Every structure is written in structure tokens, then in C-alpha cells.
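Here the structure comes first, spelled out in C-alpha cells, and everything after it is commentary.
The values are calculated or read from the model by the stated rules, or taken from the named source; none is laboratory data. Just so it is clear, the model here is predicted, and its values are computed rather than measured. Don't worry about glycine lacking a Cβ; one is built from the backbone with ideal geometry, like all the others, and counts go over all protein chains shown. When the accessible area is computed, the model is the full protein with side chains, heavy atoms only, and any ligands, DNA or RNA have been set aside. Shrake-Rupley method; radii C 1.70, N 1.55, O 1.52, S 1.80 Å.
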Amino acid sequence: MTGTLVIGKLRGREMAALVEDRVTDWIFGPTQKPGPETVFKAKVDRRLPGGGAAFVNLGDGEQGYLRDAGGLAQGEVLLVEVTAVPEEGKAAPVTRRVLWRQRYTIHTPGAPGINVARGIADPDERARLVRIVEDHGATMEGWLARMADTRDPDDVARVRRVLEALREGGTILRTAARGQPPERIVRDLDLAVAARLAAEDALADPASPLGVVGMAPLPRDYALREWGDRAGRIVVGPGDFDTLPALEAHRLSPFANRIETVRGDPFDHFGVRAEIERLGSSRVDLPSGGWMAVEPTRAMVTVDVNTAGEFSGGAALTANLEAARELPRQLRLRGLGGPVAIDFAPLTRKDRRRIEDALKAAFRRDPVETVLSGWTPLGNFELQRKRERRPLTELTG
């Protein structure tokens with residue numbers, strides 16, 4: 001754990017940044033528009049011809065586009081989860097496959113079974129984590145068998161409902177679960193199930209309005225959940241220190257001994273603000289002296305790679321390889337997705353394989369789903385990247 005999590009407010013918006021040898025990733029607080037992981041109580045507004053898709057009303061004037069709408073009737077109410085940032089003027093893409101994520105576990109309604117993240121390779125640890133979830137279900141069954149006739153009926157009904165949800169759904173043990181004690185895993189899973197049940201209560205209540213029933217995580221929650229294993233320090237400014245104790249104790253406890261404050265603005269201290277200013281320009285300087293321009297348009301993102309005034313094949317290859325390795329970080333920090341077209345500096349066909357390999361290696365380490373489409377007849381390289389975030393210009397402008 002060599003990185004630093006920087007948590008605080010920037011321009012009035014809550015923000016968390018992961019800083020390793022440089023700024024690696026960041027996330028900003030919620031916007032007015034629905035974002036990924038937000039769960040809505042929605043109503044089918046209009047079925048599209050062919051029966052496979054529908055527009056759904058998310059409440060508050062928001063609309064979702066549901067691809068997997070088979071079997072749904074117009075006017076039917078259901079839970080949906082936003083899967084990507086909507087394009088300007090378009091409905092938010094949503095799915096009926098709602099996942100309830102916590103730091104160590106993901107609860108998967110309608111998909112029973114216990115699965116362990118591939119990042120946990122040790123077979124003994126994988127088996128231990130599966131046993132923790134199995135033992136949790138067995139413990140609840142035993143409690144019901146012993147106490148059903150003697151305890152408060154409301155307590156019994158609550159436990160029975162949680163147990164039924166665990167049986168009907170599944171559990172994914174995330175990489176962060178590695179080495180964690182059973183009580184922490186169990187509390188985490190119980191929180192995920194509780195969030196699901198609260199949303200289902202809202203769905204079943206005719207008086208409950210359409211709208212958000214499961215919030216996307218705040219930046220501090222997301223940062224601890226997704227980047228906690230990479231951070232040896234968690235830094236906040238003096239005025240923001242009270243944001244961390246607001247976390248539930250079971251979430252805070254693994255990080256308690258890593259929290260510290262710095263004088264002044266932590267985002268200045270770790271170069272986050274300076275990085276945002278650099279990203280205000282389309283130009284990205286490369287180590288060899290070359291550069292690339294990353295320019296979003298309404299339809300797609302274009303990337304133009306240039307050498308430092310040298311026109312040899314070696315200079316072009318060097319600049320192209322540097323650009324390929326840097327591109328995922330630039331797209332991630334700028335919040336860019338959708339189609340991306342890369343115009344590399346002139347290169348021979350035999351060097352294309354090296355560029356492809358560099359792109360594959362770079363995007364393999366990136367958390368955002370990306371499909372590398374390949375070379376076009378004009379010699380550009382195209383890829384398709386999921387829109388998981390809003391453009392940085394919308395968040396800091």
C-alpha cells in the first residue's frame with residue numbers, strides 16, 4: 001500500500017483522489033443527473049417496437065433506457081440501476097440486474113451462488129471466504145429454529161426475510177475481502193442485503209414515489225471501497241476531518257490508523273489541483289518530448305499523437321508507445337468515454353503489433369470497461385469506452 005487517499009472538498013464539491021507516484025484516479029460528488037450505481041424505483045413508460053427495450057420514468061423528470069425489457073408491461077413498476085453516464089440529451093442507460101455493492105461483498109438478487117474475485121488466488125483463502133458466507137446462513141437458520149417461538153415476531157420476521165434474500169440471491173466476495181475477519185465480512189453482507197430490502201419496500205409501497213431508492217456512493221465511501229487496498233495513508237484537510245468519523249464504524253475501522261491531516265488544502269499539498277489545471281488543456285506532454293492532443297467532440301473523442309519534431313521511425317514508435325501507456329489515465333481523469341479514435345504518429349505495419357500490445361496492457365489495468373476495436377482502413381486505431389463518469393469539464397468548470 002504505497003498510495004495516498006486525499007479526501008475533502010474542491011470548489012464546494014466533495015472529492016476523493018488516489019495519488020500514487022502521481023494522481024492516478026479521482027471521483028467527484030454527485031451531480032443533478034443520475035449516475036452509475038444509482039438505483040431507482042421506475043415505471044415503464046413506453047415499449048419500443050420489437051419488445052426488447054423500453055423507456056422508463058425515473059421520477060423528477062428523468063428518463064431511463066432499458067434494453068432488457070422483455071416481459072414487462074407498460075405502467076409496470078420495477079427497480080433499475082443506472083449503468084453508465086447518459087449522453088447529453090439522451091436517457092440514462094439502466095438495467096434490471098441491480099447489484100448491491102459494499103466494500104467486501106456484492107449481493108446479487110436473482111443470481112444465487114457464492115463467488116470469489118479472481119484477484120484472490122490462494123485456494124485456502126477462497127475456501128475460507130466461502131465458508132464465512134455459508135456459516136452466516138447456517139447461523140441464521142439455527143437462530144430461527146431455536147428462537148422462532150420465543151422472540152418478538154417482528155425480529156423473527158426480519159431475520160427470516162434476510163435469510164430468504166440470501167438464499168434467493170448470491171454473494172460475490174471482492175478482492176478487498178482477502179484476510180478480513182468473519183465479523184467484518186458478515187456485517188458488510190448484511191448491509192448490502194438491508195439496502196436491497198429497503199429498496200424492495202419502497203417498490204411495494206404504492207404511496208412511495210418514483211425516484212432514487214439506492215444512492216451511488218459518496219466520494220469518500222467509493223474511495224475506501226475501491227482504493228482502500230492501495231492506500232497506506234488517508235489524508236484530509238483540518239476542516240474536513242469530521243467527514244471520516246461519519247462513516248459507519250465497521251467501514252472506518254480497517255483504516256483508522258491510516259488517517260491524518262495536513263495543514264492547508266490537501267488537494268494543493270498532493271498536486272491534485274495542479275493536475276486539474278493541466279487537464280484543462282487538450283495537450284499531454286510525453287516523456288520523450290512528443291505530445292498528444294486529447295479532444296472530445298459530441299460524437300467521439302479524438303487523440304492525435306505527435307513526435308518532438310523528429311520524423312524517424314524510432315522517434316515515432318517511442319512517442320506512440322508512450323501515448324498508448326498514458327491514454328487510459330488521461331481518459332479516466334478527464335471522464336471521457338464513448339468512441340475513441342487515435343491518430344498515431346506515422347508507423348510501419350510491423351510496429352502496429354507493438355502498439356496494440358501496449359494498448360492492451362495499459363487498458364487491462366484500467367477499471368473502466370473498454371473494447372479495443374482495432375485499426376481502421378485509414379490507419380487510425382479505434383476503441384469503445386464505457387461512459388462511467390461525467391466529463392471533468394462539467395464537474396470543475
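Tabulated values for the structure
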| quantity | calculated |
| --- | --- |
| Flag for residue 37 being surrounded by fewer than 19 Cβ atoms within 10 Å (Cβ to Cβ), in contact (Cβ under 8 Å) with a residue 24 or more places away in the chain and in contact with a strand residue (DSSP E or B) (Cβ under 9 Å, 6 or more places away or on another chain) | yes |
| Residue within segment 213-233 that is within 28 Å of residue 163 (Cβ to Cβ), open to solvent by 20 Å² or more (accessible area, probe 1.4 Å), part of a helix (DSSP H, G or I) and modelled with pLDDT under 90 present | yes |
| Any chance residue 261 is among the polar types (S, T, N, Q) and modelled with pLDDT of 95 or more | no |
| Tally of residues being part of a helix (DSSP H, G or I) and either of a type in the set (Asp, Glu) or open to solvent by less than 30 Å² (accessible area, probe 1.4 Å) (or both) across segment 108-149 | 13 |
| Single unsatisfied condition, residue 160 versus (1) closer than 29 Å to residue 79 by Cβ; (2) outside any helix (DSSP H, G or I) | (2) |
| Matching residues, segment 64-91, being open to solvent by 20 Å² or more (accessible area, probe 1.4 Å) and within 22 Å of residue 206 (Cβ to Cβ) | 71, 73, 74, 75, 76, 77, 79 |
| Those residues of segment 94-107 which are assigned to a loop (DSSP other than H, G, I, E, B), charged (D, E, K, R) and in contact with a Lys or Arg (Cβ under 8 Å, 6 or more places away or on another chain), in sequence order | 103 |
| Verdict on residue 183 being out of contact with any His (no Cβ under 6 Å at 6 or more places or on another chain), closer than 18 Å to residue 111 by Cα and at pLDDT 90 or above | no |
| Residue match in segment 155-162 (condition: open to solvent by 30 Å² or more (accessible area, probe 1.4 Å) and within 18 Å of residue 111 (Cβ to Cβ)) | no |
| Residue in segment 191-205 that is assigned to a strand (DSSP E or B), open to solvent by less than 20 Å² (accessible area, probe 1.4 Å), in contact with a strand residue (DSSP E or B) (Cβ under 6 Å, 6 or more places away or on another chain) and within 24 Å of residue 27 (Cβ to Cβ) present | no |
